[in-house]
1. Which of the residues belonging to region 112-143 are within 17 Å of ARG175 (Cα to Cα) and not in a strand (DSSP E or B)?
2. Look at ILE286 and say whether it is modelled with pLDDT under 95, of a type in the set (A, V, I, L, M) and either in a strand (DSSP E or B) or in contact with a Leu (Cβ under 9 Å, 6 or more places away or on another chain) (or both).
3. Please count how many residues of region 73-100 are farther than 16 Å from TRP37 by Cα and not β-branched (Val, Ile, Thr).
4. How many residues does region 295-323 contain that are part of a strand (DSSP E or B) and in contact (Cβ under 8 Å) with a residue 40 or more places away in the chain?
5. Give me a count of the residues in region 144-159 that are in contact with a Ser or Thr (Cβ under 7 Å, 6 or more places away or on another chain) and assigned to a loop (DSSP other than H, G, I, E, B).
6. Here are some residues: ARG222, ARG244. Which one is assigned to a loop (DSSP other than H, G, I, E, B), touching a helix residue (DSSP H, G or I) at 6+ places or on another chain (Cβ under 7 Å), surrounded by fewer than 23 Cβ atoms within 10 Å (Cβ to Cβ) and at pLDDT 95 or above?
7. State whether one or more residues within region 94-112 are surrounded by fewer than 20 Cβ atoms within 10 Å (Cβ to Cβ) and out of contact with any strand residue (DSSP E or B) (no Cβ under 8 Å at 6 or more places or on another chain).
8. Looking only at residues that are touching a residue at least 60 places away in the same chain (Cβ under 8 Å), out of contact with any His (no Cβ under 8 Å at 6 or more places or on another chain) and surrounded by fewer than 21 Cβ atoms within 10 Å (Cβ to Cβ) in region 330-341, which one is nearest to VAL316 (Cα to Cα)?
Amino acid sequence: MGGPEKSHYSELKQITRENVGELERAWVYNSGDSGVWQCNPVIIGGVLYGLTAASEAFALDAATGKEKWRFAPSEKKNYLKNRGVAYWEENGDRRILFSYDEWLYALNADTGQPLPGFGSEGRVSLRSGLGEGARGKYLMSRTPGTIFEDLILMPTVMMEDPGAAPGFIQAFSVRTGELAWIFHTIPREGEFGADTWPEDVHTRGIVGAANNWTGMTVDHKRGIVYAPTGSAAPDFFGGSRKGRNLFANTLLALDARTGKRIWHYQIVRHDIWDMDLPAPPNLMTIRKDGKKIDVVVQQTKKGYIFVFDRDTGEPVFPVEEMKVPASPIPDESAWPTQPIPKLPLPISRQEISEADLNIHSPDYDSLKRMYHTYRKGVYMPVGEIPTMVVPGLMGGAEWGGAAVDPDGMLYVNSNEVPWILSLKPTSEGESRFTGGEKIYRTFCGSCHGLDRLGNPASGFPSLVSVKEKLTRDELMDLVPRGRGMMPGFPQISPADRKALVGFLLGEKEVPEEKKQVEEKKQAADGSSSPKESWAFKGYTKFLDSEGRPGIMPPWGRLTAIDMNTGQHKWQVPLGEIAQYKERGIPNSGTENYGGPILTATGVLFIAATEDARFRAFDKDNGALLWETGLPFSAFSTPSTYEVNGEQYVVVACGGSTLGTPKGDALVAFKLGRR
């Protein structure tokens, strides 16, 4: 996404603000793997490299879209959501590196074949440096690794429930696949930050993650990698991880060669809201008080933008340590303060009043009644009474990241859809449930609902009729591996997996005496899941009966910020809900996933929206310069490149998110014949 500094910026100048309206489709590539396709392609020497929705690597002729080679890392097509590949070259040795499931692969960039000198048969396990705490637990990577010299620094994705694997940051040799260094994001005994966790954090088997899943940014001149981390697990109840919890929710500056910490800044202390740092930071040079300053800029799900000196980690703009409410849960200890930047101003609303409720909704009265039952406020801890989290668990800013230009401007898209969260005691009614239903309530109920009806508007389908869509064998394979938004649950024992699938298929329970035998076996081999005293009740967006947010639009925005001053230059709605436009309510904005790119001619390209449109904006004022329909919604970041003297813009369209149709089209545009 725009080089190691994550600028999303291109020096290409053929497409301008004056001629962007002349863009036409140049070619379309259909991979055959329809689904969540979030790939941001890499183009090197006239060849486009990417991953399909099933994480199969491919190379295309960038001028025609014709396939040159394709590599499938598995006989089965597992839709694991992967955002692209990394490229490395030295003395004619050209490599494509990408992840699939728990594996990091290295391929010959010319042939697409695994490199035998890399690990074992061209792959290494991303569990390599995680130790016993990751054994048998869900782990994968969905973001390209970051290249520094002959190292690749790898992001990872873990569970967010009790018993998650630890999210240590690992660097591997690009040449051999050997593990080069590890940084413990949950510090070991004697390491800096260990006193911000309970002493038994590494032995109880409950707490994990604090992982970098978004990818990282490298300053090659300084030899520093900037790695943002996510929350510790479990997400919403931290009774087993009391303390500040370094280095969760932290921007880390590490020595890229050794992994040694240079500085850090924790952006959310003791996170109990799932406020992961959602995207790699941007490296910029700004002018402040008459001086040029090299800065690193981190956007957040809360919609805050933090700006730090690259060398010291000192905030460039004032940050207020704001007192926040205590937790209503007796076993929880919310951190008493959280850092709030005074500048730049937030890109999303931070609190919702009654005046912000959606007067256009047919359910306005109901929304108002519900609104007054929720606990509300900035960093309001989650409790038994439902809590409204604003702008929501999907941002604010999201994984698509921001674009920057050399003038010190930052361009970032954001969401505004509140979520409603709550907790319950783990003993509440659970003794009434046994077998597959109990397993379902433990692992699946938080997303798909205890009634199995799901929440399609939030991306969680109903499982009531799952037997009409998937066979027993497919379900048995799906549970440990996951698919799309669904994580895998390899920690569920084979016997429990069989009981869970039986419950989903409506089969009779295993006789009680057999269950007791299996439970004894499970206890003996240690495969039972860790328990907390409080459990998360599930993900729910604040939506009306039409599936639209319960607050006034816009629900998606695009913001330009002058980072020299911290002031917003402009902000416009991003996306359009046709249903609202037809009612005479324009500029609704939509939820959006995938980021912008910017060219030297001032053209800002972005797809990302629910409405299956691709748009170009004027970087100076946010004016819409061009838009076109796409075959499917594109929840991805586009790329731009030049081949044979012609500039192209390409974007992956997979749909399959926010209730949009499933698709499969990589679409490239160039200027029409003049």
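1. At the first step, the residues of region 112-143 found to be within 17 Å of ARG175 (Cα to Cα) are 112-126, 128.
Once the filter is applied, which keeps residues that are within 17 Å of ARG175 (Cα to Cα) and not in a strand (DSSP E or B), region 112-143 yields GLY112, GLN113, LEU115, PRO116, GLY117, PHE118, GLU121, GLY122, LEU126, SER128.
2. no
3. Kept after step one, since they are farther than 16 Å from TRP37 by Cα, are these residues of region 73-100: 73-76, 86-97.
Now restrict to residues that are not β-branched (Val, Ile, Thr): 73-76, 86-95, 97.
Of the residues in region 73-100, 15 are farther than 16 Å from TRP37 by Cα and not β-branched (Val, Ile, Thr).
4. 11
5. The number of residues fulfilling the criteria is 3.
6. Only one candidate passes the filter, namely ARG244.
7. No: region 94-112 contains no residue that is surrounded by fewer than 20 Cβ atoms within 10 Å (Cβ to Cβ) and out of contact with any strand residue (DSSP E or B) (no Cβ under 8 Å at 6 or more places or on another chain).
8. Ranking the candidates gives PRO339 first.
The values are calculated or read from the model by the stated rules, or taken from the named source; none is laboratory data. What you see is a predicted model, and the numbers here were worked out from it, not measured in a lab. In this analysis, Cβ positions are derived from the backbone assuming ideal geometry, glycine residues included, and neighbour counts consider all displayed protein chains.
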